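Read through the structure below, which is laid out as structure tokens, and then see the notes.
The values are calculated or read from the model by the stated rules, or taken from the named source; none is laboratory data. All values reported here derive from a predicted model rather than from experimental measurement. Cβ placement follows ideal geometry from the backbone for every residue including glycine, while neighbour counts extend to all protein chains displayed. In case anyone asks, the SASA skips ligands and DNA or RNA and just uses the protein heavy atoms, side chains included. Shrake-Rupley method; radii C 1.70, N 1.55, O 1.52, S 1.80 Å.
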Amino acid sequence: MRRLLFLSSFCAMASGGMACSTTPNENGAVKEPTLISRAILPAELYQSGQPSGSLVTPDNGVTVPFAGQPIPGFSGILDAGGGEFWAMPDNGFGTKSNSGDFLLRIYRIRPDFRTERGGGGTVEVLGFVQLRDPDGKIPFTLFRQDRLLTGADFDLESVRRTAAGDFWFGEEFGPFLLHTDSTGKVLEAPIPLPNVQSPQNPFLPREDAWTLRASRGFEGMALSTDGQWLYPVLEGALRDDSDPRRRIVSQFDLTAGKYTDQTWNYRVDAEFPDAVIGDFTALDANRFLAIERDDDQGEQARQKKIYQVDLRRVGADGYLEKQLVVDLLRIRDPHGISLPARAGEFGVGDPFSFPLQSVESLEILDSERLLIANDNNYPGSDGRWLSRDRPDDTELIIVRVPPLRP
């Protein structure tokens, strides 16, 4: 089990820049979140497969249909070892109705990170696992007769891998949990969250019976470090919740194959009551990191933060206590890893900003290094560009944070 310690301190932000030192402390740890690596996957690096995007609205100079299968950013990322990662896009183009020609896959990638010592700053796509349901486990009609899964069937937003190699996905149309083997074959019917249905749920008894807004299902989902539990988090508040800032964390028992009665309440910051939970990742048996973000981008972005929670620490108000880990809009880059700036690039230099609309992927590499990546909503998001006239790429950054301590 990884030993992870609680954040000791954060530097104060001053007008026009950072107010604290960039030097490490006496044990070599950084005093403030610092960019140490960056790699970029170009937005228009299409992958093999049928042309897609036929129902997408052209944007940012991109015409449709696309020549193949784009990688519209990553909504989940997992360390695969040896410098490689499993990286998962979502349903493709944002809606059930426009994503039938987008194939649901998990890509295997190898970043060549740019660091202070060099590196290309590129990402190699090594291959993919195609999700499919040849055995007819899914009890509703799929978009394709060959039962390859598409973005018209599921909106996958989070992924975890068990010690046996199976994949578990958190999904938004249900919201459902989806379970496949290591080859992407569906092993059982999608598992619903009791008493929660979105407007896209295929089992909705009537049109107005939904209990959760569209696109507010399972965006983040953690796997416990002992492999026993999944912790899916609703991205938004339930329809009848009196507190619009509440985000419910559920617990799913992988051994029993069902939800437990245990839940926790997470509350987003008061200044951003419609903020969403981009990802949820286990630190240890009780502590987790959550991405909390607004839906803005570029100069308009104000909330892209990573918080820590401890399931044992619930305040008198009934909500998990939060501790800020890093503000992704203000990250030190003393070594110029994000430079030189590309033409028209916003938010690079020192401090570095990650002002991308959908920051949705978080992997813990060790006690001081966090890997973060974005969903670029291809071709719609354009937060990295001053002129807001071209699609965002998929960016992977590694941020070194002050050592975490109990």
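From the list Gly49, Gly94, Gly127, exactly one residue is on the phi > 0 side of the Ramachandran plot, open to solvent by 20 Å² or more (accessible area, probe 1.4 Å) and part of a strand (DSSP E or B). Which is it?
It is Gly127.
Considering (1) buried (at least 16 other Cβ atoms within 10 Å of the Cβ); (2) over 22 Å from Asn265 (Cα atoms), say which one Val233 fails and leave the rest.
That leaves (2) as the condition not met.
Answer yes or no: is there a residue in region 42-64 that is touching a strand residue (DSSP E or B) at 6+ places or on another chain (Cβ under 9 Å) and among the acidic types (Asp, Glu).
Within region 42-64 (the criterion being touching a strand residue (DSSP E or B) at 6+ places or on another chain (Cβ under 9 Å) and among the acidic types (Asp, Glu)), the answer is yes, since at least one residue qualifies.
Among the basic types (Lys, Arg), open to solvent by 20 Å² or more (accessible area, probe 1.4 Å) and more than 22 Å from the chain's Cα centre (by Cα): which single residue out of Arg239, Arg213 fits that description?
The unique qualifying residue is Arg239.
Please tell me if Phe203 is surrounded by 23 or more Cβ atoms within 10 Å (Cβ to Cβ) and aromatic (Phe, Trp, Tyr).
Answer is no for this residue.
Which condition number does Arg160 fail, the rest of (1) open to solvent by less than 30 Å² (accessible area, probe 1.4 Å); (2) of a type outside the set (Asp, Glu); (3) assigned to a loop (DSSP other than H, G, I, E, B) being met?
(3)
What pairs can you find where one residue is in region 328-345 and touching a residue at least 12 places away in the same chain (Cβ under 8 Å), the other is open to solvent by less than 30 Å² (accessible area, probe 1.4 Å) and of a type in the set (Lys, Arg), and their Cβ atoms are less than 7 Å apart, with a gap of 6+ or different chains?
Listed by first residue and then by second, the contacts come to Leu328/Lys304; Leu329/Lys304; Ile337/Arg38; Ser338/Arg38; Glu345/Arg384.
Select from region 176-191 the residues that are out of contact with any Asp or Glu (no Cβ under 9 Å at 6 or more places or on another chain) and open to solvent by less than 40 Å² (accessible area, probe 1.4 Å) and write down the one among them that is nearest to Arg108 (Cα to Cα).
Applying the filter and picking the extreme gives Gly184.
Within region 104-122, restricting attention to residues that are open to solvent by less than 30 Å² (accessible area, probe 1.4 Å) and either in a loop (DSSP other than H, G, I, E, B) or among the charged types (D, E, K, R) (or both), which residue is nearest to Asp146 (Cα to Cα)?
Within region 104-122, the match that is nearest to Asp146 (Cα to Cα) is Leu104.
A quick yes/no check of all residues on (1) of a type in the set (Val, Ile, Thr); (2) within 29 Å of Gly81 (Cα to Cα); (3) in contact (Cβ under 8 Å) with a residue 60 or more places away in the chain:
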| position | (1), (2), (3) |
| --- | --- |
| Asp155 | no, yes, yes |
| His179 | no, yes, no |
| Leu187 | no, yes, no |
| Gln197 | no, no, no |
| Ala209 | no, no, no |
